[in-house]
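Visitor: For reference, the structure I am asking about is given below.
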Amino acid sequence: MFLIPKGTVLPKGRHGLYHEIMASVATVTDHFGCYAWGNHSEIFYCGSFSQDYARKEFKTNLHGRIHNYLQNHRQKTNGRKNTNLMVFENINNSLQFSDVILFHLVFKSVQVGAEEVDFVTFSNDSYLVRAIEQLLISSYRKQSQCSWNRS
């Protein structure tokens, strides 16, 4: 979906590639869904956009979620970084060695128990999106991937 080339330094805020990345994710009109940060051979992080950002200043919910990675950074008094800052720093560290790609994860359908769920149904159900997110993280972890995910 969007490739950040090796050697790029991604600055915090609305600088550098911010506007290009945001224009790319604004084209994803799915209400809810899953995404991943990775490169050509590995998935580093799986996440979901299951919160309604579209009511704010954002064009889509994915647009709002990715915006947070690029500038909504906080650190607790105990030193723990919020997910946005942790992923942002990992992106910049990875860019020293390889391209980093932001993927929008789509599928035709998924089997959930005895029920087959199509993508349109999935992308309109925030609870199902979060369940599939956890399934993706678990599946990638079995392959020794998703090293950035905390859960």
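Bear in mind these aren't lab numbers, they're just calculated from the coordinates by the rules spelled out. If you're wondering where the values come from, they're calculated on a predicted model, not measured in any experiment. So basically every Cβ, Gly included, is an ideal-geometry build from the backbone, and we count neighbours across all protein chains shown.
Visitor: So what is the relative contact order of the chain, in percent, for Cα pairs below 8 Å that sit 6 or more residues apart?
Guide: Worked out over the chain, it gives 33 percent.
Visitor: Quick check on my link table: of Lys59/Lys108; Lys12/Lys142; Lys108/Lys142; Lys76/Lys108, which ones sit more than 30 Å apart, alpha carbon to alpha carbon? Working shown, then result.
Guide: Values: Lys59/Lys108 24 Å; Lys12/Lys142 32 Å; Lys108/Lys142 23 Å; Lys76/Lys108 40 Å.
Going by Cα-Cα distance, Lys12/Lys142; Lys76/Lys108 fall outside the 30 Å limit.
Visitor: Step by step: find N for the chain, compute 2.2 N^0.38 Å, then divide the Cα radius of gyration by it. What's the final number?
Guide: 1.04
Visitor: Compute the length gained on full extension between Arg141 and Phe103: take 0.36 nm times their separation in residues and subtract their Cα-Cα distance, giving the result in nm to one decimal.
Guide: 12.0 nm
Visitor: I need the trypsin sites (Lys or Arg not before Pro) found in the range 25-77, filtered to DSSP loop residues with at most 14 other beta carbons within 10 Å of theirs.
Guide: Values: sites: Arg55, Lys56, Lys59, Arg65, Arg74, Lys76; in loops: Arg55, Lys56, Lys59, Arg74, Lys76.
Qualifying residues, ordered by number: Arg55, Lys56, Arg74, Lys76.
Visitor: Another question, then. Taking neighbour Cβ counts within 10 Å as the exposure measure, how do Trp148, Trp37 sort from fewest upward?
Guide: Working: Trp148 20, Trp37 23.
Ranking Trp148, Trp37 by Cβ neighbours within 10 Å, fewest first, gives Trp148, Trp37.
Visitor: Taking neighbour counts of Cβ atoms within 10 Å as a proxy for exposure, in what order, fewest first, do Leu128, Leu70 appear?
Guide: Details: Leu128 17, Leu70 22.
Placing the least packed residue first, the sequence is Leu128, Leu70.
Visitor: Here's something else I'd like to know. What do you get when you divide the Cα radius of gyration of the range 6-53 by 2.2 N^0.38 Å, with N the number of residues?
Guide: Numbers: Rg = 12.6 Å, N = 48, 2.2 N^0.38 = 9.6 Å.
Rg over 2.2 N^0.38 Å, computed on Cα atoms: 1.32.
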